[in-house]
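Here the structure is laid out as structure tokens; the discussion comes afterwards.
The values are calculated or read from the model by the stated rules, or taken from the named source; none is laboratory data. Fair warning: this is a prediction, and the values are worked out from it, not measured in the lab. Ideal geometry is used to build each Cβ from the backbone, glycine not excepted, and the neighbour counts take in all protein chains shown.
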Amino acid sequence: MKKALLIILLFSIFNIYDVTAQADEDAQKASRMEWFSEAKLGIFIHWGIYAVNGIDESWSFFNGYISHEEYMKQIDGFKAKKYDPEYWAELIRESGAKYAVLTSKHHDGVALWPTKCNDLHLGKDYVSPLMKALRKEGLKAGLYFSLLDWSHPDYPNLTREEKRYEDEPARWDQFVDFNFCQLEEIVTKFNPDLYWFDGDWEQSAEKWHAPQIREMILNANPDAIINSRLQGYGDYATPEQGLPISKPEDEYWELCMTMNDSWGYQHNDLNYKTPNQVIRIFVDCISMGGNLLLDIGPKADGTIADEQVHILKELGRWTNKHSEAIYGSNAGIPHEYYYGPTALSADKKTLYLFVDGKTNGPIMLKGLKNKVNRIWVVGNGTKLNYDIKMKQYWSEKPGILYIDVPDEVLDPQVTVISILLDGEIDLYK
């Protein structure tokens, strides 16, 4: 009997320890992720030798569109004579983004800094000036790093069809040493606020040594955050190109998306999204509690295409006008209550309705049990008239709230309506 009681006591102690440890870990993660959760908007920067010919980054040789040898000839054409990191950082800040992520090395293995781990770099540090400029603008600075390297002689895959080897543990260990060499340079030289890994799908967490990578990063900077592409050892999910239909299960997530159909600069790709399309996608991300990482692809000379600048500037006009409904907001309410995207203030006492285009009469909000204190147009200040229909004194069901939105208060892109409630939002279920 005593032995059984001792076992139960020990089990209880270990269980309490596990629960406490998990709570501490969750609290630490929440602290690290706070700025990311509040930021809502980041800018992805795909810049590399692929901009010289305007072809797919890395994939063009991997998929056999061009030989690896011909692809690498672009190194000679990457001059970046007009590279202006201060202008880039100013433009990114103007867009309303709170962080940026630069491709320090894509799958082609060409580093944007003079790495001492091998000779495949451009002979100049293009990373440090931008990291410094971003931080000067008050932005968080992140770096993309490809775990796989299709150009490295010790990496097993060269193209989709061609392999260097199948199973040579010693050779793989040499590649792992190389990867850690470059990662140590990034950790010590640039100290990113955010690590955006890619290419993890080709190997397992064990082969990448993912736990050790995470440990190395957090030992150097306990506040750093890591995306999900580290085979389960990251902090947030990264859906790519496809906008989620419903709120993802992950607490933290970020949609990465191109402005046209290409990550890097391609002069033939003129299929740009309009500012309205970008903003509407961004609004959906906000409504579902996520971030948007919007990509730009600078040219090989360091300039940014006019079409991309136009989108960033209009995005900046819109975010500046509607900042209170964006930064630090929470996911909104289900579409059953309002036929459109919504967001909630941090204290959940203000509901924001996003209105796309002209309204056909008053907009409608259902199931709101709260008393409404006032309603106004964000960034405009105009108070709006509203009316409640179908509220019966004998029923607990709330009425339908109708809000008049005159044409003259509409934003050219997406209008935002603010509803101040008498307490935390309370919806009828």
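Hey, does region 279-292 have a residue that's at pLDDT 95 or above, assigned to a strand (DSSP E or B) and of a type in the set (Phe, Trp, Tyr)?
Keep residues of region 279-292 that are at pLDDT 95 or above, which gives 279-292.
So of that shortlist, the ones also assigned to a strand (DSSP E or B) come out as 291-292.
When the remaining residues are screened for being of a type in the set (Phe, Trp, Tyr), the result is none.
No, every residue in region 279-292 fails to be at pLDDT 95 or above, assigned to a strand (DSSP E or B) and of a type in the set (Phe, Trp, Tyr).
Could you tell me which of the residues ASP167, ASP154, ASP149, ASP119 is in contact with a Gly (Cβ under 7 Å, 6 or more places away or on another chain) and among the charged types (D, E, K, R)? Before the answer, list the steps.
Details: ASP167 fails: in contact with a Gly (Cβ under 7 Å, 6 or more places away or on another chain); ASP154 fails: in contact with a Gly (Cβ under 7 Å, 6 or more places away or on another chain); ASP119 fails: in contact with a Gly (Cβ under 7 Å, 6 or more places away or on another chain).
The unique qualifying residue is ASP149.
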- Note on the structure: Filtering region 29-54 for residues that are more than 25 Å from LEU255 (Cβ to Cβ) and surrounded by fewer than 15 Cβ atoms within 10 Å (Cβ to Cβ) leaves a count of 0
- Of LEU102, LEU41, LEU112, which residue is under 27 Å from LYS136 (Cα atoms), at pLDDT 95 or above and in contact with a Cys (Cβ under 9 Å, 6 or more places away or on another chain)? LEU41
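Only one of these is surrounded by fewer than 18 Cβ atoms within 10 Å (Cβ to Cβ) and at pLDDT below 95: ASP167, ASP173. Name it. Talk me through it step by step, then tell me what you get.
Details: ASP173 fails: at pLDDT below 95.
That would be ASP167, the only listed residue that is surrounded by fewer than 18 Cβ atoms within 10 Å (Cβ to Cβ) and at pLDDT below 95.
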- Which helices (runs of 4 or more DSSP H) sit wholly inside region 55-146 and have at least 3 residues that are in contact with a strand residue (DSSP E or B) (Cβ under 8 Å, 6 or more places away or on another chain) and either surrounded by 17 or more Cβ atoms within 10 Å (Cβ to Cβ) or in contact (Cβ under 8 Å) with a residue 60 or more places away in the chain (or both)? 85-94, 127-136
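Please tell me if ASN268 is surrounded by fewer than 18 Cβ atoms within 10 Å (Cβ to Cβ) and at pLDDT 95 or above. Break it down stepwise before answering.
Numbers: surrounded by fewer than 18 Cβ atoms within 10 Å (Cβ to Cβ): yes; at pLDDT 95 or above: yes.
Yes: the conditions hold for ASN268.
Only residues that are farther than 28 Å from TYR352 by Cα and either part of a helix (DSSP H, G or I) or within 17 Å of the chain's Cα centre (by Cα) (or both): list them for region 293-308, please.
Of all residues in region 293-308, those farther than 28 Å from TYR352 by Cα come to 296-308.
Result: ILE296, GLY297, ASP306, GLU307, GLN308.
Yes/no per residue for (1) surrounded by fewer than 22 Cβ atoms within 10 Å (Cβ to Cβ); (2) in contact with a Cys (Cβ under 6 Å, 6 or more places away or on another chain):
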residue: LEU292; (1), (2): no, yes
residue: ASP301; (1), (2): yes, no
residue: GLU307; (1), (2): yes, no
residue: TYR352; (1), (2): no, no
- Message: Condition check: under 20 Å from the mean Cα position of the chain (by Cα) and either surrounded by 16 or more Cβ atoms within 10 Å (Cβ to Cβ) or of a type in the set (A, V, I, L, M, F, W, C) (or both). Does LYS313 satisfy that?
- Response: no
- Query: Does LYS348 satisfy the criteria of being basic (Lys, Arg) and within 18 Å of SER37 (Cα to Cα)?
  - Reply: yes
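Within region 187-203, is there a residue that is more than 27 Å from the chain's Cα centre (by Cα), farther than 20 Å from PHE44 by Cβ and surrounded by 18 or more Cβ atoms within 10 Å (Cβ to Cβ)?
Initial filter on region 187-203 (more than 27 Å from the chain's Cα centre (by Cα)): none.
Among the residues of region 187-203, not one is more than 27 Å from the chain's Cα centre (by Cα), farther than 20 Å from PHE44 by Cβ and surrounded by 18 or more Cβ atoms within 10 Å (Cβ to Cβ), which makes the answer no.
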